[in-house]
Structures are given as structure tokens and as C-alpha cells.
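Asker: Sending over a structure as C-alpha cells; questions will come in a sec.
The values are calculated or read from the model by the stated rules, or taken from the named source; none is laboratory data. Just so it is clear, the structure is predicted and the values come from calculations on it, not from any experiment. Using ideal geometry, Cβ is built from the backbone for each residue, glycine included, and neighbour counts are taken over all protein chains shown.
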Amino acid sequence: MRRSLLTLAACAFALTACGGSPGEVEDGGPSAPNGPPSVTGSAAPGETSARPGNAAEPVVFTVAGGSRTQGPDTVEVGAGETVLLEVTADVADEVHVHGYDETLDLAPGTPGRLEFTADIPGSFEVELHEQGLLLTQLRVSG
């Protein structure tokens with residue numbers, strides 16, 4: 001009985017942790033115009049943000065051992081801009097962009113690319129779904 005309750009609680013948590021509806025803003029609003037400075041291209045964990053230069057230049061993320069080893073904490077774009085994320089993980093998983101309901105299946109060790117138009121202003125989590133690992137925050141200014 002106790003094991004069943006723990007399993008039920010874990011399942012309920014997993015469902016609510018990723019349960020945002022389309023258009024839902026994760027932190028209550030768009031990024032501030034005087035936010036942190038942007039950097040172009042790939043960034044190591046701990047670097048504040050990346051601003052994609054264009055669709056040909058992806059923002060690159062690498063995940064190993066359950067942790068993000070490459071990629072910025074925040075990706076900042078203007079409404080209407082193209083977002084191109086490139087993710088490589090050491091396990092099979094799914095990249096999920098909350099609010100946009102964009103997903104990408106990943107095979108272990110194989111880079112995957114997810115491209116979409118950022119047309120919903122706000123701040124949205126981008127995660128590896130199965131691991132529950134936050135890759136970055138996507139901030140779309142209106």
C-alpha cells in the first residue's frame with residue numbers, strides 16, 4: 001500500500017511538472033528590456049544568455065550524466081524570430097519547449113535540431129522531458 005501511494009505521488013508530480021498549457025507563461029511575463037547581456041552562439045552552463053544570430057546558427061546544448069554540460073541558461077529572441085536549438089544527449093530523451101508544445105526525440109549521442117518561430121511573448125522552460133532536466137529558459141520579447 002505504501003509503495004502504491006509513493007508511485008501515485010511520483011506520477012502525479014511528473015504530470016504536473018510538465019503540465020503547462022499552450023501559451024502559458026512560465027514566470028509571469030516577458031523578459032525585462034534591461035535584462036542580462038546576450039552572447040552569440042554556444043555557452044557553457046552558468047553563462048547568462050545566448051541570442052541566436054539567425055536560423056543557420058543554432059544554440060547548442062550537450063547533456064551528459066544527467067547534467068547540461070554545454071549551453072546557456074537563457075535564450076533570448078524577439079517575437080517572430082526563428083529559434084534553432086541543437087541538442088545532443090548521452091541517453092534517448094525528448095526535448096520539450098513549454099508553452100509552444102514543440103518536441104524533438106533524441107537518440108543517444110546523435111545531435112537533434114528543433115526549429116520553430118517564437119511568436120508567443122514570455123518566458124518558457126526548455127527541458128529534457130524524461131530526465132526532467134531544465135536545458136534553458138526561452139525568453140521571447142514582444
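Asker: From the list ALA92, ALA107, exactly one residue is surrounded by 12 or more Cβ atoms within 10 Å (Cβ to Cβ), over 11 Å from LEU138 (Cβ atoms) and out of contact with any strand residue (DSSP E or B) (no Cβ under 8 Å at 6 or more places or on another chain). Which is it? Outline the logic, then answer.
Answerer: Details: ALA92 fails: out of contact with any strand residue (DSSP E or B) (no Cβ under 8 Å at 6 or more places or on another chain).
ALA107 is the lone residue from the list that is surrounded by 12 or more Cβ atoms within 10 Å (Cβ to Cβ), over 11 Å from LEU138 (Cβ atoms) and out of contact with any strand residue (DSSP E or B) (no Cβ under 8 Å at 6 or more places or on another chain).
Asker: Follow-up. Quick one: which of PRO33, PRO72 is out of contact with any Phe, Trp or Tyr (no Cβ under 6 Å at 6 or more places or on another chain) and modelled with pLDDT under 50? Give the derivation first.
Answerer: On the way: PRO72 fails: modelled with pLDDT under 50.
Just one listed residue meets the conditions, PRO33.
Asker: Scan segment 91-109 for residues that are charged (D, E, K, R) and under 16 Å from GLY132 (Cβ atoms) and report the count.
Answerer: To start, the set of residues in segment 91-109 that are charged (D, E, K, R) comprises 93-94, 101-102, 105.
Among the residues that remain, those that are also under 16 Å from GLY132 (Cβ atoms) are: 93-94.
Selection size over segment 91-109: 2.
Asker: Right, here's the next one. Do you know which residues across segment 120-132 are crowded, with 17+ Cβ neighbours inside 10 Å, under 14 Å from THR103 (Cα atoms) and either free of Cβ contacts under 8 Å to residues at least 60 places away in the same chain or over 8 Å from the mean Cα position of the chain (by Cα) (or both)?
Answerer: VAL126, HIS129
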